[in-house]
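Read-outs throughout are calculated quantities, based only on the coordinates presented, and are distinct from any laboratory measurement. These numbers were taken from a predicted model, which means no experiment stands behind them. We place every Cβ from the backbone using ideal geometry, glycine too, and count neighbours over all the protein chains shown.
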Amino acid sequence: MLAGGTEVLVEVKDCRRLSLRLRADGRPVLTVPAGCAWSRAMAFLSDQEQWIRDRLLVREERSRSLPPLTPELARAFWFRLPSVFERWEKEMGLRPSAVAVKDMSSRWGSCHPVTKKISISFRLAQYPDECTDYVVVHELAHLRHANHGPEFWALVERYFPEHKKCRAILRGK
Ligand SMILES: [Zn+2]
């Protein structure tokens with residue numbers, strides 16, 4: 001699907017509202033409730049064309065201000081990450097079964113609800129250290145709550161009250 005010359009990914013979900021977001025790699029994703037009329041989704045998307053253009057512009061400006069992801073930067077990140085996990089595992093009393101550092105284009109981290117394995121995107125290396133702390137706290141919190149419900153956010157808030165600021169930085173705001 002296209003909006004203003006930009007390719008938009010479409011996902012159909014069991015949700016109530018149409019929504020639009022940018023993935024970490026900048027690709028717009030339109031979430032469509034199951035059973036929603038195609039024409040309604042198209043109308044929604046054309047209403048949001050300006051939003052997409054604005055967001056992409058902001059991203060472009062931001063990516064110019066980010067340090068380039070050099071092998072040295074990725075290496076330093078890779079060496080720093082275990083101590084970040086160690087600190088928050090101790091503080092939160094939660095421990096994943098394994099941690100993997102990956103090139104994830106669509107998210108900053110993930111936590112498998114069954115295997116308890118956490119993956120972290122090495123693109124975080126380009127952001128301030130506190131953003132890595134936030135993502136680690138976020139994924140550790142998923143070991144207790146495998147959702148983004150109020151209890152999950154209360155847990156994140158308890159250990160990392162600056163989460164809103166970091167989320168905004170990672171969203172490019
Ligand atoms: Zn999450």
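Key figures for this structure:
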| read-out | value |
| --- | --- |
| Built amide H within the under 5 Å cut-off of ARG95, gap 5+ | none |
| In nm, spacing of pseudo-spin labels at GLU60 and ARG167 (7 Å Cα→C-beta vector) | 2.8 nm |
| Estimated FRET transfer efficiency when R0 is 22 angstrom, pair TRP153-ALA37 (beta carbons, to 0.05) | 0.10 |
| Residues whose placed amide H lies under 5 Å from that of VAL10, excluding near-sequence neighbours | LEU30 |
| For region 2-65: span of alpha carbons on each principal axis (Å, largest first) | 41, 20, 15 |
| Where only C-alpha atoms are counted, convex hull volume of the chain per residue in Å³ | 125 Å³ |
| Degrees separating the helix 49-65 axis from the principal Cα axis of the chain, which is the longest one | 30 degrees |
| Whole-Hz couplings from phi, Karplus 6.51/-1.76/1.60, listed for region 136-142; x for Gly and Pro | 5, 4, 4, 6, 5, 4, 5 |
| Amide hydrogen neighbours beyond the local backbone of VAL101, cut-off 5 Å, H modeled | ILE120 |
